[in-house]
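Peer 1: I'd like to ask some things about the structure below.
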Amino acid sequence: MGTSLRLRRRIERDFPGPGSAKGIEDLLANAVESLHLSQWDSDEIERIQAAIVIGGSGDLGQLRGMRDLALQDWRDALVAAGLANEDWPERLDAELGPT
């Protein structure tokens, strides 16, 4: 599963360097594969991928740290990015724009 269009836009905004977006999308795809999430609902996958990107705050080191946190326990990554509560769809819209 790739990233959503709105998440890709956020990645390109936060990591504007040449080739950065593709590398980050690969990192996110590998995380989804490692977590065995490919059969999950696409909204939930986007939520976890977005948590990694949002928590990364435009810093590659922080992004890798968020990825590592998600690989240990994806729920901790959701908490760190503010996407763990019931209002996560609205929060995600605020961070990424509407679907």
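Peer 1: What's the number of the condition residue 49 fails, among (1) without any contact (Cβ under 8 Å) to a residue 24 or more places away in the chain; (2) in a helix (DSSP H, G or I)?
Peer 2: (1)
Peer 1: Same structure again: If you take the residues of the range 15-42 that are closer than 18 Å to residue 73 by Cα and assigned to a helix (DSSP H, G or I), which of them is nearest to the chain's Cα centre (by Cα)?
Peer 2: 28
Peer 1: Write out, first by first residue and then by second, each pair whose Cβ atoms fall under 7 Å of each other, whose residues are 6+ apart or on separate chains, and whose first residue, in the range 73-88, is farther than 9 Å from residue 51 by Cβ while the second is outside any helix (DSSP H, G or I).
Peer 2: From residues that are farther than 9 Å from residue 51 by Cβ, the pairs are 75/84.
Peer 1: Might you let me know whether the range 3-20 holds any residue that is modelled with pLDDT under 95, more than 27 Å from residue 87 (Cβ to Cβ) and either of a type in the set (Val, Ile, Thr) or in contact with a helix residue (DSSP H, G or I) (Cβ under 7 Å, 6 or more places away or on another chain) (or both)?
Peer 2: Taking every residue of the range 3-20 in turn, none turns out to be modelled with pLDDT under 95, more than 27 Å from residue 87 (Cβ to Cβ) and either of a type in the set (Val, Ile, Thr) or in contact with a helix residue (DSSP H, G or I) (Cβ under 7 Å, 6 or more places away or on another chain) (or both).
Peer 1: Quick check on the range 58-69. Is at least one of its residues touching a residue at least 24 places away in the same chain (Cβ under 8 Å), polar (S, T, N, Q) and surrounded by 12 or more Cβ atoms within 10 Å (Cβ to Cβ)?
Peer 2: From the range 58-69, those touching a residue at least 24 places away in the same chain (Cβ under 8 Å) are 58, 60, 63-64, 67; that's our starting set.
Pick out the ones that are also polar (S, T, N, Q) and you get none.
Looking for residues that are touching a residue at least 24 places away in the same chain (Cβ under 8 Å), polar (S, T, N, Q) and surrounded by 12 or more Cβ atoms within 10 Å (Cβ to Cβ), one finds none in the range 58-69, hence no.
Peer 1: Could you list, in sequence order, all residues of the range 64-81 that are part of a helix (DSSP H, G or I), closer than 19 Å to residue 27 by Cβ and not aliphatic (A, V, I, L, M)? Outline the logic, then answer.
Peer 2: At the first step, the residues of the range 64-81 found to be part of a helix (DSSP H, G or I) are 64-72, 74-80.
Going one step further and asking which of them are closer than 19 Å to residue 27 by Cβ, we end up with 64-72, 74, 76-78, 80.
Of everything in the range 64-81, those that are part of a helix (DSSP H, G or I), closer than 19 Å to residue 27 by Cβ and not aliphatic (A, V, I, L, M) turn out to be 64, 65, 67, 68, 72, 74, 76.
Peer 1: Scan the range 43-76 for residues that are charged (D, E, K, R) and within 10 Å of the chain's Cα centre (by Cα) and jot them down. Spell out how you get there, then give the answer.
Peer 2: Step one: list which residues in the range 43-76 are charged (D, E, K, R), which gives 43-44, 46-47, 59, 64, 67-68, 73, 75-76.
Hits for the range 43-76 are 46, 47, 67.
Peer 1: Just checking, does the range 82-95 include any residue being part of a helix (DSSP H, G or I) and among the polar types (S, T, N, Q)?
Peer 2: Narrowing the range 82-95 to residues part of a helix (DSSP H, G or I): 88-95.
Right, trim to among the polar types (S, T, N, Q) and you get none.
There is no residue in the range 82-95 that is part of a helix (DSSP H, G or I) and among the polar types (S, T, N, Q).
Peer 1: State the number of residues belonging to the range 21-56 that are among the hydroxyl-bearing types (Ser, Thr, Tyr) and in contact with a Leu (Cβ under 8 Å, 6 or more places away or on another chain).
Peer 2: Restricting attention to the range 21-56, the residues satisfying the condition of being among the hydroxyl-bearing types (Ser, Thr, Tyr) are 34, 38, 42.
From what's left, in contact with a Leu (Cβ under 8 Å, 6 or more places away or on another chain): 34.
Final tally of qualifying residues: 1.
The values are calculated or read from the model by the stated rules, or taken from the named source; none is laboratory data. This one's a predicted model, so the numbers in the text were calculated from it and none came from an experiment. Every residue, glycine as well, gets a Cβ built from its backbone with ideal geometry; the counts of neighbours run over all protein chains shown.
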